[in-house]
1. Count, please, the residues in segment 409-434 that happen to be modelled with pLDDT of 90 or more and surrounded by 21 or more Cβ atoms within 10 Å (Cβ to Cβ).
2. Is it the case that SER317 is among the small types (Gly, Ala, Ser) and exposed (fewer than 14 other Cβ atoms within 10 Å of the Cβ)?
3. Does segment 210-220 include one or more residues that are open to solvent by less than 50 Å² (accessible area, probe 1.4 Å) and without any contact (Cβ under 8 Å) to a residue 60 or more places away in the chain?
4. Which is at pLDDT below 95, touching a Ser or Thr at 6+ places or on another chain (Cβ under 9 Å), small (Gly, Ala, Ser) and surrounded by fewer than 22 Cβ atoms within 10 Å (Cβ to Cβ), of ALA3, ALA11?
5. Open to solvent by less than 10 Å² (accessible area, probe 1.4 Å) and in contact (Cβ under 8 Å) with a residue 24 or more places away in the chain, is that true of VAL173?
6. For ALA448, all conditions in the list (1) open to solvent by less than 20 Å² (accessible area, probe 1.4 Å); (2) among the hydrophobic types (A, V, I, L, M, F, W, C); (3) modelled with pLDDT under 90; (4) farther than 27 Å from PRO103 by Cα hold save one; what is the number of the exception?
7. Among all residue pairs at least 6 apart or on different chains, which show Cβ distances below 7 Å where the first residue, located in segment 386-401, is outside the structural domain of PHE336 (by the TED database) and the second is among the charged types (D, E, K, R) and open to solvent by 70 Å² or more (accessible area, probe 1.4 Å)?
8. Is at least one residue of segment 329-343 without any contact (Cβ under 8 Å) to a residue 24 or more places away in the chain, out of contact with any Cys (no Cβ under 6 Å at 6 or more places or on another chain) and not polar (S, T, N, Q)?
Amino acid sequence: MLAKLMNLLKACWQPSSNKYAHAGSDVIGRKDGLLWYKDSGQHVYGEFSMAMVQANNLLEDQSQLETGPLSSVEFGPYGTFVGVYDGHGGPETSCYVNDHLFPHLKRFATEQQSMSADVIRKAYQATEEGFISLVTEQWPVKPQIAAVGSCCLVGVICGGMLYIANLGDSRAVLGRVVKATGEVLAVQLSAEHNVGIEPVRQELQSMHPDDRQIVVLKHNVWRVKGLIQGLVVFLRAKDSTQKGGLHEDLIALQGLAQPDIISVTGSILWVLTIDDNQGQQISRSIGDVYLKRTEFNREPLHVKFRLREPFKKPILSSEPSITVQPLQPQDQFLIFASDGLWEHLSNQEAVDIVQNNPPNGSARRLVKAALQEAAKKREMRYSDLKKIDRGVRRHFHDDITVIVVFLDSNLVSRASSLKGPSLSLRGGGVNVPANSLAPCTMPTQLGAS
């Protein structure tokens, strides 16, 4: 039982071997400090670009692109699968999703001999059930795994159709040409499940009419059950001689350990973490089992995660929002990204960056634009932000994952007869042959290269 979880975590946390990744090759991407990127590759219907940057001490974002057969039968569905999995509370759930969701999808597509919303929904359900089984097994020795979860954004391009499924607040955006003007407009394809959005709050409230605390506004942020994320206070002084007084009083008042002290453009920036509880802003996810099954909302789960009162039915859902639509000749490209990107760029800003530049390096360009905005918000230089190590970097921005998938209309129109390249690629640099399952990599080593 313990060995099962240890194997999962070992696969997640071990540095990528030279068999899979090295800084000088673009076969499976390159590394630049905390940034991993693959500027260009080929999928069945055109080119793609991937990039990710780490902010957390342990990377919680996972991602993959699978192109080729989407089932195990010779004449089954064929196309491209994209997954972005933004974990929270730890890397275990996103890592698990990265290992299991696509194989489940292939299994159900094989059974139905086609791709459909039902196939995708069943793959999500099987992944959720599998992770709950893992939590159940590990509960006696690793109870905190019950408080780990992941957003889950999936795109499938198959037979000229585009399937988008989502749990949480990652986002898929389409760049579509307006025939009359030639302008490329952003079209958001995914529904988000963040309680900062009023209809999402209303949905939760309607599902739990007897619970007046189902969503609570704390520190100007709406949260499920008022569960609070780490509150961060930034104190900036012109030089180190000013770091006494208020700085020391705050530490004494809050009972804090010494904060991280980061030199930024000749000044001192003190970062004080007042509360390290995980926040809960999303209403749908894989995992977060302690908010879905009452038997995990008790000891030995840490008291900071436990709700004071038992709940009668699941607070969070694992039911994905799924849309299906035919691809049009004016559909130019798709941007799949974790919320780390969308915190800093609007849909149209992201589409403009992709449209106004060459396809090569599109994902890395978007990550850089988001980091530049993050630095600007902290009144610091981008070059200084890049010097800040993982862990501390999380005070400035989240992990960011971006996958840009370009759509060649000629290839899309031949979808029924097209058999393009087969490829399996994981964000962070694991690339394996088709029909095999790569280990889920947690590239904490990205900052050590």
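The values are calculated or read from the model by the stated rules, or taken from the named source; none is laboratory data. What you see is a predicted model, and the numbers here were worked out from it, not measured in a lab. Here the Cβ positions follow ideal geometry from the backbone for every residue, glycine too, while neighbour counts run over all protein chains shown. These accessible areas exclude ligands, DNA and RNA; they are computed on the full protein's heavy atoms, side chains included. Shrake-Rupley method; radii C 1.70, N 1.55, O 1.52, S 1.80 Å.
1. Going through segment 409-434 one residue at a time, the tally reaches 3.
2. Answer is no for this residue.
3. Taking every residue of segment 210-220 in turn, at least one turns out to be open to solvent by less than 50 Å² (accessible area, probe 1.4 Å) and without any contact (Cβ under 8 Å) to a residue 60 or more places away in the chain.
4. Unique residue meeting the criteria: ALA11.
5. Working: open to solvent by less than 10 Å² (accessible area, probe 1.4 Å): yes; in contact (Cβ under 8 Å) with a residue 24 or more places away in the chain: yes.
It is true that VAL173 is open to solvent by less than 10 Å² (accessible area, probe 1.4 Å) and in contact (Cβ under 8 Å) with a residue 24 or more places away in the chain.
6. That leaves (1) as the condition not met.
7. So the pair list comes out empty.
8. no
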